[in-house]
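Worksheet: the structure to be examined is printed underneath.
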């Protein structure tokens, strides 16, 4: 997939592109993934400056092409993927542009280990509405950086944000074919202070079998009710990580996404947010630099174990 799908710089201007729309460069190692991303960008009215293969895109960026965002889809592992990931990471480090990387589940650990930067959004097999939402967030203007919240400089930004949200809603409606957009779960955006209850006393200690039984009970509900009715990715991941801690087992990002029981892109947002909040900790795999593990902070682990032990002593079910 090379120049055959290259629209050329500034050539991909469509009727629904607003004047001054953010410019996006699309890179992919497979044509169908490129088309999926192009459709999402068009739905938002973005200016597509090119649709290229990964190596051609790297060359375009190196030549000095100016864009607001770069989105890249990788389907295969290899030297091409390595070059693409390193290009996005280098751009993020120097603040050149924001980017998003779309990968299948089998490449999730590789991408999570090598693209750990606030300006790189990681997407795993996103649906159409997830992709539109992600692209909208990617090109959204930064939060107002004014000291006085009453400053008139803030109002144009609020108006622009309101207009963008309306555009996103229209784009999601057009892509959902009348079926309605799926529920989107929003992670916390602040640092969390995990309170640690008094140390456990009396009753039996919590073991991994007890925690795994709780997790099985939560999944059993999905057999009788729609899965998203009870979706709670933070709690599901906390349970999985405390069970793994009791078992002395490492948990990779890809495994934790499965445990979250929500779409993987949603799980990734939660993992990133809870890591920033100090609830989770990233730990490099000492044997494989292309993978990271996620673990609980000590304070979070203590809080979870104390809570589960207290509930066990009360014979209170945990769900």
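The values are calculated or read from the model by the stated rules, or taken from the named source; none is laboratory data. This is a predicted model, so every value here is computed, not measured. When we count neighbours, we look across all protein chains shown, and the Cβ atoms used for this are built from the backbone with ideal geometry, even at glycine.
Key figures
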| item | result |
| --- | --- |
| Checklist (1) surrounded by 15 or more Cβ atoms within 10 Å (Cβ to Cβ); (2) in a loop (DSSP other than H, G, I, E, B) applied to residue 76, failing item | (1) |
| Test set (1) more than 22 Å from residue 126 (Cα to Cα); (2) out of contact with any strand residue (DSSP E or B) (no Cβ under 6 Å at 6 or more places or on another chain) - residue 259 fails condition number | (1) |
| Residues of the range 21-68 satisfying the condition of being farther than 13 Å from residue 131 by Cβ, assigned to a strand (DSSP E or B) and in contact with a helix residue (DSSP H, G or I) (Cβ under 7 Å, 6 or more places away or on another chain) | 25, 27, 48, 50, 51, 52 |
| Verdict on residue 71 being assigned to a loop (DSSP other than H, G, I, E, B) and modelled with pLDDT of 95 or more | no |
| Evaluation of residue 95 against (1) on the phi > 0 side of the Ramachandran plot; (2) touching a strand residue (DSSP E or B) at 6+ places or on another chain (Cβ under 8 Å) (one fails), failing number | (2) |
| Residue check, residue 85 over 22 Å from the mean Cα position of the chain (by Cα), in a helix (DSSP H, G or I) and crowded, with 16+ Cβ neighbours inside 10 Å | no |
| Residue check, residue 256 at pLDDT below 95, within 16 Å of the chain's Cα centre (by Cα) and on the phi < 0 side of the Ramachandran plot | no |
| All positions within the range 97-131 that are buried (at least 21 other Cβ atoms within 10 Å of the Cβ), over 21 Å from residue 83 (Cβ atoms) and modelled with pLDDT of 90 or more | 126, 131 |
| Any hit, the range 235-243, residues being touching a strand residue (DSSP E or B) at 6+ places or on another chain (Cβ under 9 Å) and farther than 30 Å from residue 130 by Cα | no |
| Selection within the range 302-319 - surrounded by fewer than 19 Cβ atoms within 10 Å (Cβ to Cβ) and in a helix (DSSP H, G or I) | 302, 306, 307, 310, 311, 312, 313 |
| Some residue of the range 302-309 being assigned by TED's automatic domain parsing to the domain that holds residue 226, in contact with a helix residue (DSSP H, G or I) (Cβ under 9 Å, 6 or more places away or on another chain) and at pLDDT 95 or above | no |
| Any hit, the range 232-253, residues being part of a helix (DSSP H, G or I), surrounded by 21 or more Cβ atoms within 10 Å (Cβ to Cβ), under 13 Å from the mean Cα position of the chain (by Cα) and at pLDDT 95 or above | yes |
| The range 273-300, residues that are part of a helix (DSSP H, G or I) and in contact with a strand residue (DSSP E or B) (Cβ under 8 Å, 6 or more places away or on another chain) | 274, 275, 300 |
